[in-house]
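A.B. asks: My structure is below; once you've seen it, I'll send some questions.
The values are calculated or read from the model by the stated rules, or taken from the named source; none is laboratory data. Fair warning: this is a prediction, and the values are worked out from it, not measured in the lab. FYI the Cβ positions are ideal-geometry reconstructions off the backbone, even for glycines, and counts take in every protein chain you see.
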Amino acid sequence: MARCQFWANRAERIGSSLRITMKNIKDLPAHNRPREKLKERGASALNDEELVAAILGRGVKGHDLRTISRSVAKLIRNHRKNLTIEHLTAVRGMGLAKAAQILSAFELARRYLIKDAVKVTGAQDMIPLLADIVDKKQEHFVCFSLNGAHEVIEKRIVTIGLVDRSPVHPREVYADVISDRAAAVIFAHNHPSGDRYVAS
């Protein structure tokens with residue numbers, strides 16, 4: 001029994017030592033470091049934490065890069081496009097310069113990678129936005145969140161029903177709309193039968 005306890009304690013010490021050793025990016029094998037991994041396998045091979053680490057580059061005294069990146073990645077997932085410089089600078093080890101790096105990367109992506117905003121001025125503007133559900137064999141209930149300029153913030157398929165109905169609960173409809181801080185909302189659904197009558 002004493003011998004088993006000895007090896008259990010030794011294993012625990014080794015595990016703790018490894019966790020400490022592998023805490024810093026520089027302690028990882030070269031092929032697992034974010035920037036080297038990006039070079040070899042492309043940005044899509046990196047998880048959220050690694051992408052943040054690749055942008056930030058290094059930690060600061062008392063706050064290693066992996067811990068900072070983990071906290072920032074969590075903030076990004078929670079706040080998405082509502083992420084602010086105040087959110088970022090509240091993370092230990094994140095000063096103005098590092099927060100600016102993250103927000104600048106977001107803005108570049110918004111300008112050049114995200115499609116232009118679609119503005120809805122009438123029913124005709126909705127036709128191309130609903131083209132993907134026209135021929136579906138089940139009824140799809142779709143919700144569009146709009147900002148104050150009536151530009152589409154987000155399109156979501158709320159429910160997929162049967163051939164002639166799609167039950168919808170207000171909770172499922174408005175939860176995401178409120179999160180989007182939408183100024184307006186548009187609901188739509190398809191008719192698998194092909195009928196063009198207006199549903200009541």
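A.B. asks: How about the range 28-62: which of its residues are farther than 17 Å from residue 77 by Cβ and charged (D, E, K, R)?
C.D. replies: Once the filter is applied, which keeps residues that are farther than 17 Å from residue 77 by Cβ and charged (D, E, K, R), the range 28-62 yields 33, 35, 36, 37, 39, 40, 41, 58, 61.
A.B. asks: Exactly one condition in (1) assigned to a helix (DSSP H, G or I); (2) over 12 Å from the mean Cα position of the chain (by Cα); (3) within 20 Å of residue 96 (Cβ to Cβ); (4) not aliphatic (A, V, I, L, M) is false for residue 39; which is it?
C.D. replies: So the condition that residue 39 fails would be (3).
A.B. asks: Kindly list the number of the only condition in (1) closer than 25 Å to residue 84 by Cβ; (2) outside the structural domain of residue 55 (by TED's automatic domain parsing) that fails for residue 108.
C.D. replies: Exception for residue 108: condition (2).
A.B. asks: Here's another thing I want to ask about it. Look at the range 94-119 and say how many of its residues are in a loop (DSSP other than H, G, I, E, B) and at pLDDT 90 or above.
C.D. replies: Summing the residues that are in a loop (DSSP other than H, G, I, E, B) and at pLDDT 90 or above in the range 94-119 gives 2.
A.B. asks: If you don't mind, another one. Of the numbered conditions (1) closer than 23 Å to residue 117 by Cβ; (2) surrounded by 15 or more Cβ atoms within 10 Å (Cβ to Cβ), residue 159 fails exactly one; give the number of that condition.
C.D. replies: Going through the list (1) closer than 23 Å to residue 117 by Cβ; (2) surrounded by 15 or more Cβ atoms within 10 Å (Cβ to Cβ), residue 159 breaks only (1).
A.B. asks: Take the conditions among the β-branched types (Val, Ile, Thr) and closer than 28 Å to residue 181 by Cα and apply them to residue 60. Does it pass?
C.D. replies: no
A.B. asks: Pairs needed: first member in the range 108-128, more than 16 Å from residue 144 (Cα to Cα); second member anywhere, at pLDDT below 90; C-beta distance under 9 Å; at least 6 residues apart or different chains.
C.D. replies: Between residues of the range 108-128 that are more than 16 Å from residue 144 (Cα to Cα) and residues that are at pLDDT below 90, the close pairs are 110/81.
A.B. asks: Just wondering, is there one or more residues in the range 127-143 that are more than 21 Å from the chain's Cα centre (by Cα), within 30 Å of residue 60 (Cα to Cα) and surrounded by 11 or more Cβ atoms within 10 Å (Cβ to Cβ)?
C.D. replies: Scanning the range 127-143, I find no residue that is more than 21 Å from the chain's Cα centre (by Cα), within 30 Å of residue 60 (Cα to Cα) and surrounded by 11 or more Cβ atoms within 10 Å (Cβ to Cβ), so the answer is no.
A.B. asks: Follow-up. In the range 39-58, what count of residues is obtained for those that are modelled with pLDDT under 90 and surrounded by 17 or more Cβ atoms within 10 Å (Cβ to Cβ)?
C.D. replies: Final tally of qualifying residues: 1.
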